[in-house]
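J.: If you scroll down you'll find the structure; I have some questions about it.
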């Protein structure tokens, strides 16, 4: 899995590409916690190039959210496929995370 | 055995993508629909991730064998590892309202399969049996 990172309109955008599973989720964790370690105020994880996420990937996002909540940071998720959205709904995480329709939606909020 | 296949992978997470591909194709061959295929792929991935993490403890010299078999009544998967014996009672998902990292994999497995049972007759390692009944039998 490749991960790219760039700042867009003052928000750090993390874009993983590929499947997020037990093998690749440590890299995503490192990217997210690298930002939260610097107390990034706004983080967007763009899933538009991700077709699969397992429970380890979800755990990584929950961990990131919990850390950001401790200092008032904002974590947004965007670009999810319907399959990935369904996983979040089933896990009751769709109400916990700020899930945006697309990148312009996430940047505009 | 008709309509069956076996894949053996090292207990290494980098092979999970191979397993997902095979699971997807076997589910497709069995006649499961799109939403159903995604569910069983996710569940088999989670079950094998558990084998790698908890039974094999990341020892990639160990192996995981996954057997697929389907018929008119069900889609069946058996996952066998050569790792440490797992206590079935110790495997519980977290309360979905208790938001914290971890504890979701078991929920995904039970969502996809009607029968989730460890074969306690297996003396060394673990054998997990998963059965998804056809839609008309669920």
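What follows draws every value from the coordinates through simple rules; no lab data is involved. Not measured: the values here are computed from a predicted model. Here Cβ is always computed from backbone atoms with ideal geometry, including for glycine, and neighbour counts include all displayed protein chains.
J.: I'd like to know if segment A:47-60 contains one or more residues that are over 22 Å from residue B:13 (Cβ atoms), surrounded by 14 or more Cβ atoms within 10 Å (Cβ to Cβ), touching a helix residue (DSSP H, G or I) at 6+ places or on another chain (Cβ under 8 Å) and within 12 Å of chain B (Cβ to nearest Cβ).
T.: Within segment A:47-60, not a single residue is over 22 Å from residue B:13 (Cβ atoms), surrounded by 14 or more Cβ atoms within 10 Å (Cβ to Cβ), touching a helix residue (DSSP H, G or I) at 6+ places or on another chain (Cβ under 8 Å) and within 12 Å of chain B (Cβ to nearest Cβ).
J.: Whether any residue in segment B:111-123 is within 14 Å of chain A (Cβ to nearest Cβ) and buried (at least 17 other Cβ atoms within 10 Å of the Cβ) is what I want to check.
T.: yes
J.: If you don't mind, there's one more thing I want to ask. Going by what's in this entry, would residue A:39 be described as away from chain B (no Cβ under 14 Å) and either touching a residue at least 24 places away in the same chain (Cβ under 8 Å) or more than 13 Å from the chain's Cα centre (by Cα) (or both)?
T.: Yes; evaluated as a whole, the condition is true for this residue.
J.: Every residue in segment B:19-28 that is over 14 Å from the mean Cα position of the chain (by Cα) and either farther than 16 Å from residue B:66 by Cα or within 12 Å of another protein chain (Cβ to nearest Cβ) (or both), please.
T.: Once the filter is applied, which keeps residues that are over 14 Å from the mean Cα position of the chain (by Cα) and either farther than 16 Å from residue B:66 by Cα or within 12 Å of another protein chain (Cβ to nearest Cβ) (or both), segment B:19-28 yields only B:28.
J.: Consider segment B:82-103. How many of its residues are facing chain A (nearest Cβ under 9 Å), surrounded by 13 or more Cβ atoms within 10 Å (Cβ to Cβ) and either more than 20 Å from residue A:22 (Cα to Cα) or under 14 Å from the mean Cα position of the chain (by Cα) (or both)?
T.: Summing the residues that are facing chain A (nearest Cβ under 9 Å), surrounded by 13 or more Cβ atoms within 10 Å (Cβ to Cβ) and either more than 20 Å from residue A:22 (Cα to Cα) or under 14 Å from the mean Cα position of the chain (by Cα) (or both) in segment B:82-103 gives 1.
J.: What is the residue count in segment A:11-60 for residues that are on the phi > 0 side of the Ramachandran plot and touching a strand residue (DSSP E or B) at 6+ places or on another chain (Cβ under 7 Å)?
T.: Qualifying residue count, segment A:11-60: 1.
J.: To continue, here is another question. What are the residues in segment A:68-90 that are within 11 Å of chain B (Cβ to nearest Cβ), buried (at least 17 other Cβ atoms within 10 Å of the Cβ) and either farther than 21 Å from residue A:18 by Cβ or out of contact with any helix residue (DSSP H, G or I) (no Cβ under 9 Å at 6 or more places or on another chain) (or both), if any?
T.: Result: A:84, single match.
J.: Working only within segment B:1-18, note down all residues that are surrounded by 20 or more Cβ atoms within 10 Å (Cβ to Cβ) and assigned to a helix (DSSP H, G or I).
T.: Within segment B:1-18, B:13, B:16 meet the criteria.
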